[in-house]
1. Let's test the formula: R0 of 45 Å, r as the Cβ-Cβ distance of residue B:71 and residue A:81. What FRET efficiency results, to the nearest 0.05?
2. Please work out the Cα convex hull volume for the range B:3-153 and give it in Å³ per residue.
3. Relative contact order of the range B:1-84, please, whole-number percent, based on alpha carbon pairs below 8 angstrom and at least 6 residues apart.
4. Run the numbers on the range A:74-125 and let me know its relative contact order in percent, using alpha-carbon pairs under 8 Å that are six or more apart.
5. Just name one of B:150, B:6, B:81: the one whose Cα is farthest towards the positive end of the charge dipole of chain B (beta-carbon charges, Lys/Arg +1, Asp/Glu -1).
6. Please give me the summed charge of the neighbours of residue B:93: other residues whose Cβ is under 14 Å from its Cβ, Lys and Arg +1, Asp and Glu -1.
7. Under the convention of a label 7 Å out along Cα→Cβ, give the distances in nm from residue B:146 to the same position in every other copy, shortest first.
8. Place the label 7 angstrom along Cα→C-beta at residue A:39 and in each other copy, then list the distances from the first to the rest in nm, shortest first.
There are 2 protein chains.
Amino acid sequence: MHLTQFSDYGLRLVLYLACHPERVISVDEVSRAYGISRHHLVKVVQVLTDLGVVEAQRGRGGGMRLAKRPSEINVGWLIRQTEPHMNLVECFDPETNTCPIAPACGLKGALVRAQQAFLGVLDQYTLEDFRPHREQLVRLLEESLRRASGAGA
Amino acid sequence: MHLTQFSDYGLRLVLYLACHPERVISVDEVSRAYGISRHHLVKVVQVLTDLGVVEAQRGRGGGMRLAKRPSEINVGWLIRQTEPHMNLVECFDPETNTCPIAPACGLKGALVRAQQAFLGVLDQYTLEDFRPHREQLVRLLEESLRRASGAGA
């Protein structure tokens, strides 16, 4: 049971931006701070830009920032957008399901309720809820950037 | 967000056996009824046998049956056993985590609570809860077996 790396990186990205509201941030910086692939991160930025969560500022001194207030970015909503699908098991997608007992199977109902409970918890959080630890987060990210620079030097 | 095919097949297998308490069942029969790989199913049977959920009866007329009463087989417990891991995102495993903000990140806490809610719902179910639809399930499985035999003839 796991979320995709895409969702993981999406969450890390928006948290980074929420922790640095005072300036625009480059993809390179986020990539180095987390030690994650710039290539994968670019794709995440594209999707989050299309979703209206991130806005890009092009050109010299360009970068990105959140396009909404942290309190307007809901975690449950974000994960529903970044996961490729929410089909917990095959029968969740009637278009492709091959399981013959789907019409009478109570297991699907139990799994649907479990998934609703999962998303219901995440629906209670926005990015604003994680900002109380902002100073500590920024410090950890800066330390990580320094280590990355040291390693690259 | 999805469970592995292994868990999916595990659930299908135990439900099949719970629907047919009166006789031993062959892997072939379950494979044909659901239209799923016999090869994959054999691995599922091995793990569920090791877990003490399924018991095999070898030899002529052999097959398998549940090793416990349906009311003793909890769905949340079963999924915890059949999923290769419950690491929703990278930081769930401190051994392999590379994310530098883990010590201060509230997102992990939110994801842990969401996963607990997910499993908490499934912990409320045992296989016994799905037996009220047994007749209908058996009919659907028998129809599927007939179709499979027809296609193979």
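Coordinate-derived values only; no laboratory data. Note that this is a predicted model, so its numbers are computed, not measured. Cβ: placed from backbone, ideal geometry, glycine included. Neighbour counts: every protein chain shown.
1. 0.70
2. It comes to 138 Å³ per residue, whole-number rounded.
3. The value is 36 percent.
4. Result for the range A:74-125 is 57 percent.
5. B:150
6. So the environment of residue B:93 carries a net charge of -3.
7. Label point to label point, same position, other copies: 7.5 nm.
8. Copy-to-copy label distances at residue A:39, shortest first: 2.9 nm.
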